[in-house]
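Engineer: Below is the structure I would like to discuss, written out as structure tokens.
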Amino acid sequence: MFDTVVRFFQEGGVFMYPIGIVLMIGLAIALERYIYLSRAKGANRMAFDRGILPLLQKKEYKSALKYSNQSGTAIAAVMGAGVSRLLNQQSREDIEYAMEEGLMETLPRLEKRTQYLATLANISTLLGLLGTIIGLIAAFTAVANADPAEKANLLSQSISVAMNTTAFGLMSAIPLLLFHAVLQTKTNEIVDSFEMAGIKFLNIISEQNTDLQTK
């Protein structure tokens, strides 16, 4: 199996190497982003459910703000923006706007480098096609000077080798696109959890502060 893979890689020509480099870069980004988002999802859930939410339910807003400032999690930053406005006795709309602003500030960290995977997948495909085209040009040039009896056999072999780069480009692009979709889904799940936490936050303070509803 390994010998087959090595032979397939060697027969594809020089374009197999840049495609391989693109694949390695994409896999490294996908692994780093998956680990980061998985840890962020767990840390944010714990920070809200075990840290911020109990303090809000007890009306310990200053403690909730202090916890948010010390937590270092993305959801704590979002909730902290809302708690800060709450302590300044601002309206529900102002609190909501503050949390939305905090959410917009955290989004770039969650989406960082994920979009590169789609770009790398496209580059991999294009490199494969380019390698095939150049390989075909070289094949037809070689066949033009070959013996007529060997032209058909030589042409078929050359085309087979030239198509290796397209195959390898697609083999690299498909998993990168799949990883991109998975990471995008995980990012959306985290953002949805932020929005749900924001709704819980607003409902809690609305129930506790009747003045907030009438402002």
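Engineer: If Ile35 satisfies every condition in (1) in a helix (DSSP H, G or I); (2) more than 14 Å from the chain's Cα centre (by Cα) but one, which is the exception?
Structural biologist: Ile35 satisfies all of (1) in a helix (DSSP H, G or I); (2) more than 14 Å from the chain's Cα centre (by Cα) except (2).
Engineer: Follow-up. Does Leu56 satisfy being of a type outside the set (Phe, Trp, Tyr), within 30 Å of Ala173 (Cα to Cα) and out of contact with any strand residue (DSSP E or B) (no Cβ under 9 Å at 6 or more places or on another chain)?
Structural biologist: So Leu56 does not fit the description; no.
Engineer: Kindly indicate whether Gly135 is in a helix (DSSP H, G or I) and either surrounded by fewer than 15 Cβ atoms within 10 Å (Cβ to Cβ) or modelled with pLDDT of 85 or more (or both).
Structural biologist: no
Engineer: Does Gly82 fit the bill of being under 30 Å from Val191 (Cα atoms) and assigned to a helix (DSSP H, G or I)?
Structural biologist: Yes, satisfied.
Engineer: I would also like to ask the following. Would you please name the residue that is modelled with the highest pLDDT, looking only at residues in the stretch 155-177 that are surrounded by 15 or more Cβ atoms within 10 Å (Cβ to Cβ) and more than 30 Å from the chain's Cα centre (by Cα)?
Structural biologist: Met163
Engineer: Of Met99, Met104, which residue is in a helix (DSSP H, G or I), free of Cβ contacts under 8 Å to residues at least 12 places away in the same chain and of a type outside the set (Ser, Thr, Tyr)?
Structural biologist: None of the others qualify; the one that does is Met104.
Engineer: Specify which of the listed residues (Gln70, Gln115) is open to solvent by 50 Å² or more (accessible area, probe 1.4 Å), closer than 30 Å to Ala167 by Cβ and part of a helix (DSSP H, G or I).
Structural biologist: Only one candidate qualifies: Gln115.
Engineer: Continuing with the same structure: Take the residues in the stretch 23-62 that are open to solvent by less than 60 Å² (accessible area, probe 1.4 Å) and of a type in the set (Val, Ile, Thr); name whichever of them is farthest from Leu183 (Cα to Cα).
Structural biologist: Residue satisfying both the conditions and the ranking: Ile52.
The values are calculated or read from the model by the stated rules, or taken from the named source; none is laboratory data. The shown structure was predicted, so the numbers you read here are calculated from the model rather than taken from an experiment. Neighbour counts run over all protein chains shown; Cβ positions are idealised from the backbone, glycine included. Areas reflect the complete protein model, heavy atoms only, side chains present, ligands, DNA and RNA absent. Shrake-Rupley method; radii C 1.70, N 1.55, O 1.52, S 1.80 Å.
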